[in-house]
Amino acid sequence: SREPIEEDAMRSAFTLRGCKKHEQEALLKASLAALPRRNGMDYRTRQRQMEGIAMGLQNREPRTKRAKTTKSGMGVSPEDIAKNQKESEQLKRQQQREERARKKRKEVLLRREEERREEEERRARMMESPQQKLYRYYEPILQVLWDMEFQNLGGTNPFRIVIDKDNCAQMGAPDYCTIITKPMNLTWIKQKAKKMEYETLEAFFNDVELLIKNALRYNSDPNNDFHLAAKEMSRKYVKMKSVVVAKLLPKK
């Protein structure tokens, strides 16, 4: 049976294991000389025992370190690192492909929806009456004129107000219907538009121009705030009218 390892021999073996090869011989001789002779072992026997202990410890240390490293999860081989990196790159490329496919599907759906709306509008236009077709041209002009607000009049729009022979005195303009024989305002124009009463664009244009003409005539002073507001409306109206007329002119 194997002899028990002496404490002094074990300490010497540990020291021997940690030394470089050229340092081990001198350390081995010094350790053997210092160790007591026990159990009848001679010098050579004690030398072989110490060398065996040191060799066993050297062989066991790498396995222990690898086991601890693997257990702690810190020991990842270069092959594993490369594999993980490759899988990560593949996953990233897959996600990019899926994102591109998702965007493409969305674009297709949006394009189809737009085409569907255009087709519905085209069919609706084919079925609309002449008055409805005219309404599509002049309604944007009417809406812009209705939404106008004049800063010199406190942010209001007086052209929406109805003034006629029944209320002109109450509105503070008792002579209005004496000067203006055919009143016109945006409220009346809007009512006629909703009822599709305009059969021609010219009829709509005539009512708007009558409104502006009445405002300029009744407020004839060029510095009058209502006169200035009517001028501003006239400039905006003329621009919008020219655009609509240009659309209806036959293409050359």
Candidates per trypsin sites (Lys or Arg not before Pro) in region 182-216, loop by DSSP, up to 16 other Cβ within 10 Å: 195
Kirkwood-based Rg over Rh for region 181-252 (C-alpha set), two decimals? 1.03
Mind ranking 187, 178, 156 by accessible surface for me, highest first, 1.4 Å probe? 178, 156, 187
Loop-only check: which GluC sites (Glu not before Pro) in region 99-191 are DSSP coil with at most 12 other Cβ within 10 angstrom? 149
Cross-link pairs 213/247; 103/239; 106/247; 106/194; 182/239 - those with Cα-Cα distance over 30 Å: 103/239; 106/247; 106/194
How big is the Cα convex hull of region 112-252 in projection, averaged over all directions, in nm²? 11.4 nm²
For region 173-252, state which GluC sites (Glu not before Pro) are in a DSSP loop and have at most 13 other beta carbons lying within 10 Å of their beta carbon. 197, 199
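The values are calculated or read from the model by the stated rules, or taken from the named source; none is laboratory data. On a predicted model such as this, the values are computed, not experimentally measured, just so you know. Cβ coordinates were reconstructed from backbone atoms using ideal geometry, including for glycine residues, and neighbour counts include every protein chain displayed. Heavy atoms of the whole protein, side chains included, go into the accessibility calculation; ligands, DNA and RNA do not. Shrake-Rupley method; radii C 1.70, N 1.55, O 1.52, S 1.80 Å.
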